[in-house]
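Have a look at the structure below before the remarks.
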Amino acid sequence: MANLAEQAQWEEGIYQLELTDPVVGGPDGISNLQAKQLANRTSFLKEQLQKQGEIVEGYSPEMQEGILTNLLFASDMAALAMKEIEQTRLTRFQEIYATIQNRGVKSGVTLTKSSTATRNISCSDGVVFMRGREYTVANQTNTAAIASNTTGKAGTVIIYMFLTASQEIDVAATTLNGEMPQGAIELGRATVPAGNTEENDPYLASVTIADSARREPGWPQIQKAPASVAIALNRPLPDSAYMVEVEVESCIGGGLQAGEARVRDKLKNGFKLVTNGTADEVKVRMLVQHPSI
């Protein structure tokens, strides 16, 4: 992390950040301008103080004490100003980036345990949506295996669909307590008891599989649970009376499919961002502003 370059010069004024100013860092970024101006003033005062050092030694004790008092006051004011600038840069104006994933199941696509292949599951045909469009899913028998659990406590396996290189939908499952890959559609979650293996439970009798898919039978015209993402603020605010400016930077799907992004459920430390569009992988840039603090 680099420090700002300082110049020993007196700045006639300190720039006031405007609501329309973008959040830009770097040596010449607008967000660092106030800090640079105050740092220049501090360097200037330090240089002047060093030049006056020998002269001050010739003053009376009372005069020296008065000069010291004024310098301490000026130093305190500079420290307070720097604190206020930091508050503005990091708290009053917060820049946040996020991605809203908009995918799920329109019809069909149910999971069942296999009775012919050990620790396997099958998936019925149906229709899913992702990447701003629908995909037809073929019936898949014995398509994915549920991992064994040799540990001393229960674990979870996520069952999901993904788009192959040949643009077909396939079904897979994560490792025990593993993460689903980016771009996939979650279908269900298997709870695997401690010590559950192929030897003692070949057909998953003790494994519970719960449907966790986002199901939207009316997609794209109707979305009963529109796509959303939880946003955490960079720094908590004293209340939820802040403003959020949202800009959609990119998405997968047509330009008009991004829809409108709206803020919901504002709290001191975050909020929910919801989109009513049908595009997928909607990348947004947000500016959170709370000028009144």
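The values are calculated or read from the model by the stated rules, or taken from the named source; none is laboratory data. Model, not experiment: these values are computed from the prediction. In this analysis, Cβ positions are derived from the backbone assuming ideal geometry, glycine residues included, and neighbour counts consider all displayed protein chains. For the accessible areas, the whole protein counts, side chains as well, though only heavy atoms, and no ligand, DNA or RNA atoms are used. Shrake-Rupley method; radii C 1.70, N 1.55, O 1.52, S 1.80 Å.
Does segment 242-265 hold any residues that are open to solvent by less than 80 Å² (accessible area, probe 1.4 Å), more than 23 Å from R131 (Cβ to Cβ) and in a strand (DSSP E or B), and which are they?
Matches in segment 242-265: V244, V263.
Please give the number of the condition K272 fails out of (1) under 13 Å from A98 (Cα atoms); (2) modelled with pLDDT under 95.
Condition (2) is where K272 drops out.
Scan the strands (runs of 3 or more DSSP E) fully inside segment 138-217 and keep the ones with 3 or more residues being open to solvent by 60 Å² or more (accessible area, probe 1.4 Å) and at pLDDT 95 or above.
Answer list for segment 138-217: none.
Can you confirm whether V282 is free of Cβ contacts under 8 Å to residues at least 60 places away in the same chain and in contact with a helix residue (DSSP H, G or I) (Cβ under 6 Å, 6 or more places away or on another chain)?
Taking the combined requirement at face value, the residue does not satisfy it.
Which of the following residues is closer than 29 Å to P226 by Cβ and over 31 Å from the mean Cα position of the chain (by Cα): G132, G108?
Being closer than 29 Å to P226 by Cβ and over 31 Å from the mean Cα position of the chain (by Cα) holds for just one of G132, G108, which is G108.
Write out, first by first residue and then by second, each pair whose Cβ atoms fall under 9 Å of each other, whose residues are 6+ apart or on separate chains, and whose first residue, in segment 264-276, is of a type in the set (S, T, Y) while the second is not in a strand (DSSP E or B).
T275/N102; T275/P226; T275/A227; T275/A258; T275/G259; T275/E260
Of all residues in segment 89-124, which are closer than 30 Å to D239 by Cβ, touching a strand residue (DSSP E or B) at 6+ places or on another chain (Cβ under 7 Å) and either without any contact (Cβ under 8 Å) to a residue 40 or more places away in the chain or among the hydroxyl-bearing types (S, T, Y) (or both)?
Within segment 89-124, Y97, T99 meet the criteria.
Let's see how each residue does on (1) of a type in the set (A, V, I, L, M); (2) under 28 Å from the mean Cα position of the chain (by Cα):
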residue	(1), (2)
G104	no, yes
S122	no, no
A145	yes, no
G152	no, no
S166	no, no
P193	no, no
D201	no, no
